[in-house]
Amino acid sequence: MSLKRLMTIERHIIEQQKEFPAATGEFSALLYDIAFAAKVISRDVRKAGLVDILGYTGSENVQGEQVRKLDEFADEVIFKAMDHTGRLCCMACEEREEIIPIPEDFKCGHYVLLYDPLDGSSNIDANVSIGTIFSIHRKISPGERGTKADCLQPGNKQVAAGYVIYGSSTLLVYTAGRGVHGFTLDPTVGEFLLSHENIQIPPRATIYSVNEGNTNNWEEGMQRYIEYIKTPDKATGRPYSSRYIGSLVADFHRNLLYGGVFLYPADKKSPQGKLRVLYEANPLAFLVEQAGGLASDGRQRILDIQPVDLHQRTPLLIGSREAVKEAEEFLQGKR
Ligand code: AHM
Ligand code: MG
């Protein structure tokens, strides 16, 4: 067995933090808390077909979408794993309208957690990969308790971000601003072990991922870009292959490893785009930039968006550097 296989996520986080002599361990422990929540969610996702946990709850979330039981479960697990630790000042998540305060009985800490507990949840019943996405900011407001202002920070202020894929294996991928690293859950020992060190996204795409059923609702630049991608040209490796799962974490992860571009542009139905700045676009943008790629809303860098609303949406072009630049050029009418 190589030594690399013995690198647990806990050890990795601690070793990265050693380079910051002022680190108190609060941040390392916070990432480890997330890894713990991921293990619990993974356990229940794995047995989802066996227990009465699949299906709709019958209620709608703040986006007006049907909430499924596993979404609620994942949300609850993350909240319960984090609320009492004294490391967070507040949280916010895709499923809840307002910020989630830390209960009065518990102490507050210096960090803010934003999360999408179970992204791609429309795929749960079909046994398709789904994921948890998280983003961590430092508290900026005065006072002990966190406020909405702590949540509404631009993505370029994130101190860490990552996702967990519940796929053929469970994988946790994170960045704390020092590269992107992936850990596979070994279910026999219950530990995340380093499996993908320092992930770099290929600069050119070979894959494009988009819901092409929306073509007629796209703006003209987007339509021309997709036509361009499909037009054969040896020198630029076109046509790219089309791969779209409809589960952002899974589509993003595959493109991160193989080189690709994921696009969810604005369209006539969703003029602001579909995906959320705080819970989806920002964390993945931080990861992709750390891996050498780009993330844009077509006009500006995702990480520079100043959010004004907890559930703000954005168009998203994310992935291999060259492909995202090309997509921007088409959307801006430069090509
Ligand atoms: P969710 O957060 O409600 O699960 O929605 C986000 C999902 C993403 O995982 C995926 O990329 C996108 O919605 C798919 O949307 P569409 O079905 O419109 O293609
Ligand atoms: Mg989501």
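The values are calculated or read from the model by the stated rules, or taken from the named source; none is laboratory data. Quick caveat: nothing in here was measured; it's all calculated off a predicted structure. No Cβ is skipped: glycine too gets one built from the backbone with ideal geometry, and neighbour counts run over all protein chains shown. Protein only, heavy atoms only, side chains kept; ligands, DNA and RNA dropped before computing areas. Shrake-Rupley method; radii C 1.70, N 1.55, O 1.52, S 1.80 Å.
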Given q = 0.13, 0.16 Å⁻¹, what are the Debye log10 I(q)/I(0) values for region 3-196, with equal point scatterers placed on the Cα positions and solvent ignored? -0.70, -1.05
Taking all protein chains in place and a 1.4 Å probe, what share, in percent, of the accessible surface of region 207-331 do carbon and sulfur account for? 46
A correct Karplus calculation of ³J(HN,Hα) over region 33-44, with 6.51 cos²θ - 1.76 cosθ + 1.60, θ = phi - 60°, whole Hz and x for Gly and Pro, returns 4, 5, 4, 5, 4, 4, 5, 5, 5, 4, 4, 7
In whole Å, what three semi-axes, largest first, describe the equivalent ellipsoid of the chain built from its Cα gyration tensor (square root of 5 times each eigenvalue)? 31, 22, 21
With bins 5 Å wide starting at 0, give me the P(r) of region 103-200 over every alpha carbon pair, in whole percents. 3, 12, 17, 17, 18, 15, 11, 6, 1, 0
The relative contact order of the chain, taking Cα pairs under 8 Å that sit 6 or more residues apart, comes to a percentage of 15
Excluding ligands, DNA and RNA, what is the solvent-accessible area per residue of region 3-196 at a probe of 1.4 Å, expressed in Å²? 44
Rounded to the nearest Å, the spacing of the alpha-carbon centers of region 89-122 and region 276-299 is 20
Order the peptides 309-322, 203-216, 109-122 from the highest to the lowest mean number of other Cβ atoms within 10 Å of their residues. 109-122, 309-322, 203-216
Just how many % of Cα pairs in region 177-335 lie over 19 Å apart, if you round to the nearest whole percent? 54
Which of D150, D105, D75 ends up with the largest GNM mean-square fluctuation for the chain, with Cα atoms connected below 10 Å? D105
Among the listed pairs K69/K274; K39/K80; K139/K274; K157/K230; K230/K325, which have their C-alpha atoms separated by more than 25 angstrom in this model? K139/K274; K157/K230
Would you work out what percent of the accessible area of region 3-196, with all protein chains in place, is carbon or sulfur (probe 1.4 Å)? 53
Note to self: with every protein chain in place and a 1.4 Å probe, region 207-331 gives an accessible area per residue in Å² of 38
